[in-house]
Amino acid sequence: RGSLGLTPAMSTQASFQRHKLLAAQHEGSAQIWLEDSSAILRKVATGGSVGSPEATATKAIRHAIAQQRLAVREYREASRLRPRDADTKDRLRSACAVMRSLQAAIDGPKPKPLRRFLAHYNLSIRYWDLGKVKQALVEAERACEELRKQQLPCGCAEHNLLLMAQVHSEFKGEHQRLQEALERAPEAVGPNYELGIHYFDKRMLLRAEAQLRYTREKARAASSLQLVEQDRQLMQGEEDLWPGYDGKKAKRMVTLLEDVEDDLDFVVGLREHWCVEEEAGKSDELQATGIRDGARPHLLPCLHRRYSQDTAACDCWWSDICNASNVNLYAEAPKRPQTPKRPQSAPTRRRR
């Protein structure tokens, strides 16, 4: 016998009944708070209320949720004491359902998580700027799929997908021709420069910048080689310059270098405008590298803006996404619960 003079079995039964009784009391209190909230809302409908009735009704619902949460706790404790009691299990499930419905009424509808869409969208543009067409198309299609799952218009995500496919198809033959020319003469300045312009025409800004920088190095090397050979022959007192030297060719090389420098400055300016996720307070050094330094990434500008100044459709879509109350660009989708793997049994030693 215990200190209260009860047997362990009777003590457990008494505790079980006590938890059920307390749970019923908490449920009754929650029902009273809900009735008070309903009465306040009825007064609002008839116009006979003063002050801030909405806030008072919300406060009453919160009190009801608190009481319902206590009821759930008591039912769980009672279910722990009597795991096979069907009535307790039913009451616990019912109490949990009521608590969830009350909490949903207070919280309102959850915004649609679009963080995954944001990642696919920005990654598609980054791949495109790097000249990786296949990866860009895959990410653009995934961005559209995320919007379709949430029953939202594709907007700029679809613009990107269509533009990428169209531009890749139009420039495919030219790209193949330039690649074959570079295979024949990898060090030639002209084909390398044309390839850089080709990437710029496709608005692959990072790839165009890298190709133009490579062309500049090749042009400088060729120009330096011409000048060194010219100075060597002049120092040796040779009247005729080396047969490979051509004054017009040297002037063309200087002009080409100037053109490459101008193109690089232009592309760098465009890259900082189109390829970097702008955030308030981001340092200029980080903007120059294209690195995001914040926890709230922003949507990169649509590729359509790189080809046309008519961006009314893009602005309208972006405004609708930002102003929608049921959308959250920075919320992540809930993770699916992983099913635990079945433990592998230890190998048994075979008896001889």
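The values are calculated or read from the model by the stated rules, or taken from the named source; none is laboratory data. Computed from a prediction, not measured in an experiment: that's the story for all the values here. Every residue, glycine among them, receives a Cβ derived from its backbone with ideal geometry; neighbour counts consider all protein chains shown. These area figures cover heavy atoms from the full protein model, side chains too; ligands, DNA and RNA do not enter into them. Shrake-Rupley method; radii C 1.70, N 1.55, O 1.52, S 1.80 Å.
Some points to look at:
- Note on residue 40: accessible area is roughly 40 Å² with a 1.4 Å probe, heavy atoms of protein only.
- Couplings for region 193-206, taken from phi via the Karplus curve 6.51 cos²θ - 1.76 cosθ + 1.60 with θ = phi - 60°, read 5, 4, 5, x, 5, 4, 5, 5, 4, 8, 6, 8, 5, 5 Hz in order; Gly and Pro are left as x.
- Entries of 218/251; 134/202; 20/43; 202/251; 134/218 with Cα pairs more than 26 Å apart: 20/43; 202/251; 134/218
- FRET efficiency for residue 308 and residue 162, using Cβ-Cβ distance with R0 set to 22 Å, rounded to 0.05: 0.95
- Here the dipole of region 14-86 is about 300 debye; that uses its Cα centre as origin and unit charges on the Cβ of Lys and Arg (positive) and Asp and Glu (negative).
- In region 87-153, the portion of solvent-accessible area held by carbon and sulfur atoms comes to 53 percent [1.4 Å probe, whole percent, DNA, RNA and ligands not counted].
- One decimal place: the segment residue 266-residue 179 gains 28.9 nm when fully extended, by the rule 0.36 nm per residue minus the C-alpha distance.
- Derived scalar couplings between HN and Hα for region 268-274 equal 4, x, 5, 4, 5, 8, 9 Hz in order, rounded to whole Hz, by the Karplus curve 6.51 cos²θ - 1.76 cosθ + 1.60 (θ = phi - 60°), x for Gly and Pro.
- Selection from 162, 86, 111, by position along the positive dipole direction of region 44-180 (Cβ): 86
- Amide H contacts of residue 112 (H built 1.01 Å from N, under 5 Å, at least 5 apart or other chain): 327, 328
- Counted residue by residue at 0.36 nm each, then reduced by the alpha carbon distance between them, the extension gain from residue 58 to residue 217 reaches 50.3 nm.
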